[in-house]
Each structure stands twice: as structure tokens, then as C-alpha cells.
Amino acid sequence: MYKFIQDGDKYIISIDNHQEIMSALAAFCQEQGILAGEVYGIGAVNKATLRFLNPVTKKYVDKTFEEQMEASSLVGNISEKDGKVYLHVHANFGRADYTVVGGHLLSATLNGACELVVTRFHCKIDRQFDDETGLNLYKFD
């Protein structure tokens, strides 16, 4: 599903072609016991589902793009919700006509490469649902 090397608290990850990025990243974090950190990377996909939160309805609107695209930016954080890995990743995808689509990344299927860097934090970062925003926000005690 992926290969990686470790340098201190940083992990350099290559996800195998045709894998789903968010599933592979969640599996990596779970297997390495990373429940707090940050992630960034680049890659290429042929399918991506992005989400956009409507602040009025507090509901996500999902849209799937099925075309070859460059992941020009994947950036996010890693925290914990209900004792499990919680990924919050945003992405920008460049299309063949050089336009870009972007938003909250729900899923993306690789068609090429995906190179990520994960940095482990040595603290506990929980999340809880916030009624006002409709989001799972950081919960600091």
C-alpha cells in the first residue's frame, strides 16, 4: 500500500500507484501510532472527491472529478477523534487545461505517484463536534 523511510519525527512516504490516498494515509498513521501531526505532499490522480462546507446549512457538498490531474498541493493535519486517527486534508488539483479545483479532500485515487511527508507531534490533539460551525474542531483541555 505504501513504502516509507523515517528521519526522526518525519516520515517520507510513497503511496503505491492506484491506491486511495486518504485510506493509505490513515492506515500508515494507525500502524505507526501517529495521532497528532501534519502532512503535506504532491502527486497525480485520476479521480478525486472534494468537499465544500455550506456554512448556512452546515452540510458538506461533495463533488467527484474523474480525470487525470496533478496534485499540486496536499496539506493537512492529523489529530484524534473518538480514539481514532482523524485526517483533515485539503488539496489542489491541476487539470490538463491548467485550471485548478480544490477543497477538503474526501478521497483520491492515484494514477502516477503520491509523495508525502508526515511530521509526528508529541502531544494529544482531540477533536469534538461544534454545533455553531458544524465542524469537528480541535478540543484543548
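So which residues in segment 108-141 are of a type in the set (Ser, Thr, Tyr) and surrounded by fewer than 14 Cβ atoms within 10 Å (Cβ to Cβ)? Of everything in segment 108-141, those that are of a type in the set (Ser, Thr, Tyr) and surrounded by fewer than 14 Cβ atoms within 10 Å (Cβ to Cβ) turn out to be 133, 138. Here are some residues: 43, 76. Which one is among the small types (Gly, Ala, Ser) and either more than 23 Å from residue 138 (Cβ to Cβ) or modelled with pLDDT under 95 (or both)? Only one candidate qualifies: 43.
Considering only segment 72-80, I want to know if a residue exists there that is aliphatic (A, V, I, L, M), surrounded by 18 or more Cβ atoms within 10 Å (Cβ to Cβ) and over 14 Å from residue 108 (Cα atoms).
yes
Counting the residues of segment 53-72 that are modelled with pLDDT of 95 or more and not basic (Lys, Arg) gives 11.
In segment 82-92, is there at least one residue being assigned to a strand (DSSP E or B), modelled with pLDDT of 95 or more and touching a Phe, Trp or Tyr at 6+ places or on another chain (Cβ under 8 Å)? The answer is no; no qualifying residue exists. The set of residues in segment 84-105 that are open to solvent by 70 Å² or more (accessible area, probe 1.4 Å) and either under 11 Å from the mean Cα position of the chain (by Cα) or touching a residue at least 60 places away in the same chain (Cβ under 8 Å) (or both) contains only 90.
Looking at residue 64, is it open to solvent by 60 Å² or more (accessible area, probe 1.4 Å) and farther than 19 Å from residue 134 by Cα? Lay out the reasoning, then the answer.
Working: open to solvent by 60 Å² or more (accessible area, probe 1.4 Å): yes; farther than 19 Å from residue 134 by Cα: yes.
Answer is yes for this residue.
When 36, 48, 27 are screened for being surrounded by fewer than 17 Cβ atoms within 10 Å (Cβ to Cβ), aliphatic (A, V, I, L, M), under 14 Å from the mean Cα position of the chain (by Cα) and at negative phi, only 27 passes. Among the candidates 50, 74, the residue that is more than 26 Å from residue 131 (Cα to Cα), part of a strand (DSSP E or B), without any contact (Cβ under 8 Å) to a residue 60 or more places away in the chain and aliphatic (A, V, I, L, M) is uniquely 74.
Apart from one condition, residue 11 fits all of (1) among the hydroxyl-bearing types (Ser, Thr, Tyr); (2) open to solvent by 20 Å² or more (accessible area, probe 1.4 Å); (3) farther than 15 Å from residue 108 by Cα; the exception is (2).
The values are calculated or read from the model by the stated rules, or taken from the named source; none is laboratory data. Remember, it's a predicted structure, so these values are computed and weren't measured experimentally. Reconstructed Cβ throughout: ideal geometry from the backbone, glycine too, with neighbour counts over all protein chains shown. For the accessible areas, the whole protein counts, side chains as well, though only heavy atoms, and no ligand, DNA or RNA atoms are used. Shrake-Rupley method; radii C 1.70, N 1.55, O 1.52, S 1.80 Å.
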